[in-house]
Amino acid sequence: MFWDAVWIVSAMESATNNEAQIPLAQAVEPIAGVTGTQPAESSSFWRTPVAWFRSRTIEQRILSGFSLVFVSVLVISAISYWNTSILVANGRLDARSHELVQLLSEIAEAMDETENNHRRYLVTGDELYLRDYRSVVKQKPMFFKYLEDLTEGSSEQRQRVGLLNQMIDRQLAAEADAITKLADGGFEAVKKMALEGFGKEDIGKIHEIVAEMEWYERQAMSLRVMESAAGTTNTIILLGIGALLQFVLLASVYYLIQCDITERRLVAEELQRRGELLEAANKELESFSYSVSHDLRAPLRHIDGYASLLRKAVADSLNDKAARYLETISASAKQMGQLIDDLLVFSRMGRQEMLHTTVDLHQLVNTVLYDLRLDLQGREISWTIEKLPEVPGDAAMLRQVFMNVIANAVKFTSARPVANIAIGVDRRTDEEVVVFVRDNGVGFDMQYASKLFGVFQRLHRVDEFEGTGIGLANVRRIVHRHGGRTWAEGATDQGATFYIALPTGEIGS
Amino acid sequence: MTGTKPILLAEDNPRDAELALAAMEEQNISDKVVVCQDGAEVLDYLYCRGAFKSRLKGNPVVVFLDLKMPKVTGLEVLRTIKADANLRSIPVVMLTSSREERDLRESYALGANAYVVKPVEFHQFVSAVKELGAFWGVINEPPPEVSRPEK
């Protein structure tokens, strides 16, 4: 038990250090010194439980600490109970021994008395003196029954009781013989007996046996006293060690909990600090995008405005070349305005709070098609739209997703006499639903598939297809915020398929 | 009637002001426009103080307010106007580059009468300013406190 405590303490010392092996060894070495065994053997012996302990979670560590306390309490209680039982049993045995000693001395006394009175009877013939003898003869079986009870469990003493019984029988038999002789032959017949006392030897023997038994009992008693004293001392020491051990264990558990609380507090503080930093960064970003939206637009407006004013001012003398230059200036300004707007949308999509509702994708796609109706004018497109499911999410954001993907499909099939665009559910699992948008447009080379969803990534030249290269980046950002995935498959000139996997359960961010 | 119904244009950027004036010129209302280059000037005009101490009494027919201006911002000017019993009735149109939801919400919360985002494209900008000038300067009947010629 004591070593358990040492291991806990050593484990805890090492647990608080984050470096792996060195503190472990440091924690183990001093213990090796204390135990006095060979250090190498000891450290490898401790390493296993220490390593085990270090691999546990804080809850498991605390639980194992409390378990050890509980086990130690149980063991100490059991041992104390055992020692106390021995004390109680010894007390009972002592009482029996005392009784036995008392009884033996009574028997010895009674035998002496009987013998003396018997002698007086032989001399005087007075029947009164036979009273003791008769009562002894009468009570003897009862006494011996009692003796046997008191010596139960000790064969040595039992043997002596048997011997004593024999001797007393012999003594009483001799006394009975003398009484008969006195009755038959008168005083003369027993004179020698009466004067000398008879069966002196037997009485002596009886005293010897009684003394032996007494000695034996006293010996046993003193042994028991020693045993009880040792048991009591052991119990006290055990209780002391137990209390110390429990104190150490509980202190260790307290230390563990304290460490954990401190750690948690630090983590919470760190989290709060980071949260504040993040909030500050977010605020900064917000004011940045505000400035972008306000300040960057103004010069563009001026470029376009003054180009127009210039065109008007020199309208009469403007040749075709100069007119094209002015046109390009205006177009570039407009394009940059579009870029700014798209970037702002992209940045807003990243920080805007999501409104969680249930979105009917089917209805959403129909709305998108309605919004795109101007782009669809003059185009021949064969639409195949399957029934789409409902998903949890932000309706406005998801609308942006499908707007981008469907507008892309429309845009990249513009060279086809008849465009085929299919929208449907690719597959459905318990966790997510995968919607696809497939077209027969210009497609893309699969080796660039990874670039598709990057910001400002374009796989086509500006004069082929217009666009800022932010649409699909926005798609990915929004889908990720919904906890979903996006990917695309395609081949050059063989169309493309865009996949949008959206979770059907609750959304995280 | 010309000159009797001033339009107040608060615009810190002279180029923007010039472009706006060019647009209003097409509507023949440019001579009614008073240009202030910051919010403080707008308040000076409205309260007839500073450079505008000796101007004709009366409120402008409409105030076109840019949001981001030096000294006093558009929103602060708006707050002052809408908090003053004598000025509250002046129509205020926010004319700004910002499309930020926060600006929109705050402007309307403070009592803006309209919110127009300046289009980047000049043609759209011109048509927007022309329409605004025509509507607020000509079509719309201003509240009675508007400046009258004092003879």
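The values are calculated or read from the model by the stated rules, or taken from the named source; none is laboratory data. Note that this is a predicted model, so its numbers are computed, not measured. All Cβ positions, glycine included, derive from the backbone under ideal geometry; neighbour counts span all protein chains shown. For the accessible areas, the whole protein counts, side chains as well, though only heavy atoms, and no ligand, DNA or RNA atoms are used. Shrake-Rupley method; radii C 1.70, N 1.55, O 1.52, S 1.80 Å.
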- Query: For the pair A:Thr84 and A:Asp260, how long in nm is the line joining their label points, each one 7 Å along Cα→Cβ?
  - Reply: 3.3
- Note: A:Lys191 to A:Leu372 extended length (0.36 nm per residue) minus current alpha-carbon separation gives 49.8 nm
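Report the FRET efficiency, 1/(1 + (r/R0)^6), for A:Leu244 and A:Asp149, where r is their Cβ-Cβ distance and R0 is 51 Å, rounded to 0.05.
Details: r = 46 Å, r/R0 = 0.90.
Taking R0 as 51 Å, the efficiency between A:Leu244 and A:Asp149 is 0.65.
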- Please express the Cα-Cα pair-distance distribution P(r) of the stretch A:227-362 as a list of whole percents, one per 5 Å bin, running from 0 to the bin with the greatest distance. 2, 7, 8, 8, 7, 7, 7, 6, 6, 5, 5, 4, 4, 3, 3, 3, 3, 2, 2, 2, 1, 1, 1, 1, 0, 0, 0
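When the helix-only estimate is applied to the protein assembly as shown (DSSP H runs of n ≥ 4, each -39,500 (n - 2.57), divided by the residue count), what is the mean residue ellipticity at 222 nm, nearest 500 deg cm²/dmol?
On the way: 18 runs with 414 residues, N = 660.
Per the formula, -22000 deg cm²/dmol.
Just to confirm the filter: which trypsin sites (Lys or Arg not before Pro) across the stretch A:381-411 are DSSP coil and have at most 16 other Cβ within 10 angstrom of their Cβ?
Counting only loop positions with at most 16 other Cβ atoms within 10 Å, the trypsin sites (Lys or Arg not before Pro) in the stretch A:381-411 are A:Lys387.
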- Item | Exercise: per-residue mean of other protein chain Cβ atoms within 10 Å, B:110-123 | 4
- Query: Using a 1.4 angstrom probe and counting only protein chains, how large is the accessible area of A:Lys145 in Å², to 10?
  - Reply: 120
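Let me have the relative contact order for chain A, percent, based on Cα pairs under 8 Å that are six or more residues apart.
Worked out over chain A, it gives 11 percent.
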- Message: Show log10 I(q)/I(0) for the protein assembly as shown at q = 0.11 Å⁻¹, two decimals, from a solvent-free Debye sum over equal Cα scatterers.
- Response: -1.15
- Among the listed pairs A:Lys334/B:Lys118; B:Lys32/B:Lys130; A:Lys283/B:Lys71; B:Lys5/B:Lys68; A:Lys140/A:Lys181, which are separated by more than 20 Å between their Cα atoms? A:Lys283/B:Lys71; B:Lys5/B:Lys68; A:Lys140/A:Lys181
- Item | FRET E, pair A:Trp383, A:Glu59, Förster distance 45 Å, beta-carbon r, rounded to 0.05 | 0.20
- Message: Below 8 Å, C-alpha to C-alpha, sequence gap of six or more: please give me the relative contact order for chain B in percent.
- Response: 29
- Query: Largest first, how would A:Thr492, B:Thr73, A:Thr468 line up by accessible area (1.4 Å probe)?
  - Reply: A:Thr492, B:Thr73, A:Thr468
- Query: Using a probe radius of 1.4 Å on protein heavy atoms only, what is the accessible area buried between chains A and B, both sides summed, to the nearest 100 Å²?
  - Reply: 2100
- Extending each Cα 7 Å along its Cβ direction at B:Ser127 and A:Ser67, get the distance between those two points in nm, one decimal. 8.0
- Message: Take A:Leu93 and A:Thr497, extend 7 Å from each Cα along the Cα→Cβ direction, and tell me the distance between the two endpoints in nm.
- Response: 9.1
- Return the ratio Rg/(2.2 N^0.38 Å) for chain B, where Rg is computed over Cα atoms only. 0.96
